[in-house]
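The values are calculated or read from the model by the stated rules, or taken from the named source; none is laboratory data. Fair warning: this is a prediction, and the values are worked out from it, not measured in the lab. Note that each Cβ is placed from the backbone with ideal geometry, even for glycine, and that neighbours are counted across all protein chains shown. Side chains included, ligands, DNA and RNA excluded: accessible areas come from the protein's heavy atoms. Shrake-Rupley method; radii C 1.70, N 1.55, O 1.52, S 1.80 Å.
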There are 2 protein chains.
Amino acid sequence: MTGRLIGVGVGPGDPGLLTLNAIAALAEADVVAHFAKAGNASNARAIAASHLKPGVKELALHYPVTTEIPRADAAYREVIAAFYDEAAASIAARLDAGRVVAVIAEGDPLFYGSYMHLHVRLAPRYQTEVVAGVTGMSGCWSSIATPIAQGDDVFTVLPATLPEFELERRLADADAAVVMKIGRNLPKVRRALDRAGRLERAIYVERGTMANAQAMKLIDKLDTPAPYFAIVLVPGWEGRP
Amino acid sequence: MTGRLIGVGVGPGDPGLLTLNAIAALAEADVVAHFAKAGNASNARAIAASHLKPGVKELALHYPVTTEIPRADAAYREVIAAFYDEAAASIAARLDAGRVVAVIAEGDPLFYGSYMHLHVRLAPRYQTEVVAGVTGMSGCWSSIATPIAQGDDVFTVLPATLPEFELERRLADADAAVVMKIGRNLPKVRRALDRAGRLERAIYVERGTMANAQAMKLIDKLDTPAPYFAIVLVPGWEGRP
């Protein structure tokens with residue numbers, strides 16, 4: 001009897017945005033695994049903390065890199081692939097011992113989450129399940145009560161790491177957009193929005209659904225360094241009924 | 001003392017994907033309002049049913065149109081705007097009486113939801129709050145455990161109502177995509193995916209997180225009429241580590 005792997009979305013930050021299925025998975029899990037940067041506590045663990053069973057086994061998975069490297073970089077790809085291989089192997093050892101392992105993930109596990117890299121490595125051999133979660137972007141636009149897209153809007157999610165002309169082209173081509181991974185890319189994102197004619201509508205959100213969230217019109221935000229996880233929202237639905 | 005308006009996302013269908021905040025809002029609400037097609041029960045109400053307080057007042061908001069009309073159509077816009085105006089007025093009457101009104105919405109209230117049309121009408125005058133929810137698309141890709149986007153992927157949501165050449169262009173231009181409102185548009189979506197070189201990866205999902213969900217590769221799906229709320233997923237992350 002091998003165990004079972006559950007990828008559990010714990011939502012964007014507010015523990016109140018945990019789902020009943022996520023809580024049930026945490027009640028069932030023998031082992032709770034979570035990703036974090038080396039030297040940092042896991043955000044997912046902080047969100048789910050009050051639902052961890054007392055004395056449950058935990059498995060901390062620490063990323064081997066702390067700065068963002070373009071994914072096309074071969075050395076980065078090799079290091080990160082080896083990290084996911086090792087993480088999958090240490091989870092597989094628990095599954096082979098018959099344990100239920102919950103991997104908790106901020107937001108939704110299959111939407112820009114690290115869990116998916118474990119899932120594709122383990123799903124061919126083990127029983128798996130995925131509990132959907134509220135995404136970080138939903139948490140952000142809800143916290144500031146700003147409708148993002150309606151009706152026949154085209155909605156797009158863009159990483160701020162794209163070249164400036166690509167950002168501009170895609171921002172001009174969508175009704176509604178979310179730009180992620182702002183960090184050092186803020187001046188570039190601002191210029192691209194301006195040339196795409198969308199700067200006026202853009203909203204900057206920092207620490208979305210955390211207690212210390214901050215939101216403002218992007219035109220009012222200074223070009224000081226922004227956190228990596230800050231996002232910019234460009235609401236669509238200009239032709240609303 | 002006026003009341004308070006809460007837009008409450010109840011997730012994609014599985015009652016287990018309700019959040020703690022959604023349940024708390026339902027426990028607090030004096031009135032629970034929900035949208036439905038004329039003659040139909042509300043899906044949001046079905047999802048939240050077991051959390052409605054016994055005897056809570058309900059307000060059913062029935063759309064005046066049952067078939068999809070392009071949003072550019074002036075007559076449609078007039079009818080639907082009048083409907084939202086009336087719905088907002090009947091909620092305002094409860095808020096003026098000091099009631100807490102929860103408007104429950106499938107998925108996330110501010111992501112292609114009808115709640116937003118009430119919100120923009122009422123937020124200038126009343127205290128409001130929005131509880132984010134798990135989106136329908138998250139429910140779909142999680143139910144079939146299919147990672148949708150990673151890393152620097154560009155992700156886009158497209159209504160199947162777009163012209164065929166627009167669908168083709170945008171599908172070729174994104175790493176990952178979700179096509180919504182499939183219904184009668186299935187043959188068009190299939191042709192656009194084929195010419196965009198993405199048909200092989202596309203997955204058709206019907207009734208996402210309902211008990212009778214169905215998923216298959218789109219190439220295996222016949223061109224028989226699909227439900228309006230069927231979606232097509234085009235997973236990205238071809239260059240995964």
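Once the convex hull of all Cα atoms in the stretch B:7-90 is built, its volume per residue stands at 111 Å³. Look at the alpha carbon pairs under 8 Å that are at least 6 residues apart: their mean separation over the length of chain A gives a relative contact order of 22 percent. Sorting B:59-65, A:203-209 by their mean Cβ neighbour count within 10 Å, with the most densely packed peptide first, gives A:203-209, B:59-65.
Put the Cα centre of the stretch B:1-73 next to the Cα centre of the stretch A:96-111 and the gap is 30 Å. Could you tell me which of rounded, prolate or oblate describes the stretch A:144-224, using a ≥ b ≥ c as the square roots of the eigenvalues of the alpha-carbon gyration tensor, with rounded for a/c under 1.5 and, failing that, prolate when a/b is larger than b/c and oblate otherwise? In terms of gyration-tensor shape, oblate.
Only beta bridges with both residues in the protein assembly as shown are counted; by DSSP, about 30 percent of them are antiparallel.
Measuring nothing but how far apart in sequence close Cα pairs (under 8 Å, 6+ apart) lie, relative to its length, the stretch B:139-196 scores a relative contact order of 36 percent. Just check chain B against the gyration tensor rule for me: Cα atoms, a ≥ b ≥ c as the square roots of the eigenvalues, rounded for a/c under 1.5, and otherwise prolate or oblate depending on whether a/b exceeds b/c. It comes out prolate by the Cα gyration axes.
In this structure, the pairs whose alpha-carbon distance is over 30 Å, taken from A:Lys37/A:Lys57; A:Lys181/B:Lys53; B:Lys37/B:Lys221; A:Lys181/B:Lys37; A:Lys217/B:Lys181; B:Lys37/B:Lys188, are A:Lys181/B:Lys53; A:Lys181/B:Lys37; A:Lys217/B:Lys181.
Here is how far apart the B:Ala93 label points are across copies: 6.7 nm, shortest first, using a point 7 Å from Cα toward Cβ. Heavy-atom accessible area buried between chains B and A is around 5100 Å² (1.4 Å probe, both sides summed).
Applied to the stretch A:75-82, the Karplus parametrisation 6.51 cos²θ - 1.76 cosθ + 1.60 on θ = phi - 60° returns per-residue 3J(HN,Hα) values of 5, 4, 4, 5, 5, 6, 5, 5 Hz, with x for Gly and Pro. In terms of accessible area, using a 1.4 Å probe and ignoring ligands and nucleic acids, B:Tyr228, B:Tyr76 rank largest first as B:Tyr228, B:Tyr76. On a per residue basis, the protein assembly as shown carries 41 Å² of accessible surface, using protein heavy atoms and a 1.4 Å probe.
Quick check: from the Cα gyration tensor, does the protein assembly as shown come out rounded (a/c under 1.5), prolate or oblate? Could you put the intermediate results ahead of the total?
Values: a/c = 1.37, a/b = 1.23, b/c = 1.11.
Since a/c stays below 1.5, the shape of the protein assembly as shown is classed as rounded.
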